[in-house]
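The values are calculated or read from the model by the stated rules, or taken from the named source; none is laboratory data. Nothing here was measured: the structure is a model prediction, and the numbers come from that model. Note that each Cβ is placed from the backbone with ideal geometry, even for glycine, and that neighbours are counted across all protein chains shown. Heads up: the accessible areas ignore ligands, DNA and RNA and are worked out on the full protein's heavy atoms, side chains in. Shrake-Rupley method; radii C 1.70, N 1.55, O 1.52, S 1.80 Å.
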Amino acid sequence: MQFVQAGALRRHWYPVAETEDVAPGPVKVTLLGEDLVLYRAGGSVVAAPDRGPHREAPLSLGRVEGETLVCAYHGWGFGEDGACVSVPSSGEGAAVPPTAHLPCVHVRERYGLVWVALEEPVDDLPVVAHDEDPAFRRINTGVEVWAVSATRMVDNFLDISHFPWVHTGTFGAGQATEVPKIDLEELDNGWYGYAYEVDANNPDEATATSGSDEDVVHRWMSTGFVLPLTVRSTIRYADGLEHILLLCSTPIDDVTSYFTFVVWRNDDFSVDAQEVVSFDRAIGAEDKAMLEQVPGSLPLGRTDLVSVQSDKPSVEWRRRFLELVEAD
Ligand code: FES
Ligand SMILES: [Fe+2]
């Protein structure tokens, strides 16, 4: 079975776009194999199947006029909460059929992202407490499509043993290959993972991010996940600079995903935001290049893959994710 068909996954939140992508829309996105349209009406984003209730034309082919999404096929209009507000062929002021309203899915905007749950969500959005802290600024980086299973992305984001092998063009070349013993623990706000320390190469391209011009910088880090597919990494440097990464993997289908990351930093806000994240982008591109060579989704069974002690975090995530997927 494809993991995206698991009913339990429909009851969780996934970021599918950035807030600024839906101003006002319409935007077509795909989540767990379902095509959705996003548009803005009455100040809020509406998310609904990308299929008009009249003759099933993709609503994302339409246009937003004022507060109304106008379908491209016969011009039916949809407003706030997906309410059908006009049927041009019936004439001005005619009642609309009660079944003409869009069967909207759950949508929220937070951290500069539009989050969607296809069915009544069983939990809240992942919490990044730094978002409330005025000492930190938030930087959004855009949404990319990766030809990679979201399961392989999470496995990768929880893994530090690939750093000196994959990240040779950025921070990893020549750094320690041995991973110290990992102790998993509850972190804050529902994140589960581990704390560790690494030395990272600090080339010229990285100095805007690290705030240091040493050749190698020491980082105190933590990496953790919340189910189903969200990872957070925190980085602290010796001078107190903190750099928080929210790494989001959203399944378009079993083997294709949206990737976006959000950064929070307690720097002095003087360095250009895009310059700050350009080193992180280069790191992400190294992961993407590797992962796009690995076909299929991650085998989830306990004995499906060979794992060693450095895989402990991803093995634990995989165990919990499998339990979730098998819950129905
Ligand atoms: S299919 Fe959209 S108005 Fe007819
Ligand atoms: Fe990586």
Inset, instruction - Summarise the long-distance tail of P(r) for region 84-229 by giving the % of C-alpha pairs beyond 24 Å. - result: 55 percent
Legend entry - Residue-wise HN-Hα coupling along region 275-284, computed from phi with Karplus coefficients 6.51, -1.76, 1.60 (Hz; x: Gly, Pro): 5, 4, 8, 5, 5, 4, 4, 5, 5, x
Inset, instruction - Show VAL308, VAL16 ordered by accessible area, largest first, where the area counts protein heavy atoms only and the probe is 1.4 Å. - result: VAL308, VAL16
Inset, instruction - Can you send over the carbon and sulfur percentage of the accessible area for the chain, probe radius 1.4 Å, protein chains only? - result: 49 percent
Inset, instruction - Report the full-extension gain for the segment ALA285 to HIS74: residue separation times 0.36 nm, less the Cα-Cα distance, to one decimal in nm. - result: 71.7 nm
Legend entry - trypsin sites (Lys or Arg not before Pro) restricted to DSSP loop in region 223-328 with at most 16 other C-beta within 10 Å: ARG302
Legend entry - Two-site FRET efficiency, SER89 against GLU65, from Cβ-Cβ distance with R₀ of 25 Å, rounded to 0.05: 0.90
Legend entry - Distance between modelled label sites at THR177 and ASP124, nm, 7 Å Cα→Cβ extension: 4.5 nm
Inset, instruction - Starting from the Cα-Cα distance between TRP220 and GLN2, subtract it from 0.36 nm times their residue separation and give me the gain in nm to one decimal. - result: 74.8 nm
Legend entry - Rg to Rh quotient for region 17-156, alpha carbon positions, Kirkwood Rh: 1.03
Inset, instruction - Equivalent ellipsoid semi-axes for region 212-258, as square roots of 5 times the alpha carbon gyration tensor eigenvalues: give them largest first, rounded to whole Å. - result: 30, 12, 7
Legend entry - P(r) tail fraction, region 272-328 - alpha-carbon pairs more than 14 Å apart, %: 70 percent
Legend entry - Cα-based Rg / Dmax (Å) for the chain: 21.7, 72
Legend entry - Accessible area in square angstrom per residue, region 187-252, 1.4 angstrom probe: 36 Å²
Inset, instruction - At a Cα cut-off below 15 Å, give the aspartates and glutamates reachable from LYS28, other chains included and same-chain residues fewer than 8 away excluded. - result: GLU18, GLU20, ASP50, GLU56, GLU144, ASP253
Legend entry - Phi-based couplings in Hz for region 321-328 (Karplus 6.51, -1.76, 1.60; Gly and Pro marked x): 5, 4, 4, 5, 4, 8, 5, 8
Inset, instruction - Take the alpha carbon atoms of region 166-276, find their radius of gyration, then divide it by 2.2 N^0.38 Å using N residues; give the quotient. - result: 1.15
Inset, instruction - Calculate, for region 44-123, the solvent-accessible area per residue in square angstrom, rolling a 1.4 angstrom probe over the heavy atoms of the protein chains. - result: 52 Å²
Inset, instruction - Please list the non-local residues whose amide H lies under 5 Å from the amide H of SER86, H modeled 1.01 Å from N, same-chain partners needing a gap of 5 or more. - result: GLY77
Legend entry - Dimensionless Rg ratio for region 1-99, taking C-alpha atoms and the 2.2 N^0.38 Å reference: 1.15
Legend entry - Relative contact order %, the chain, counting alpha carbon pairs below 8 Å whose residues are six or more apart: 19 percent
Legend entry - Estimated [θ] at 222 nm from DSSP helical runs (n ≥ 4, -39500 (n - 2.57)) normalised by residues in the chain, nearest 500: -4500 deg cm²/dmol
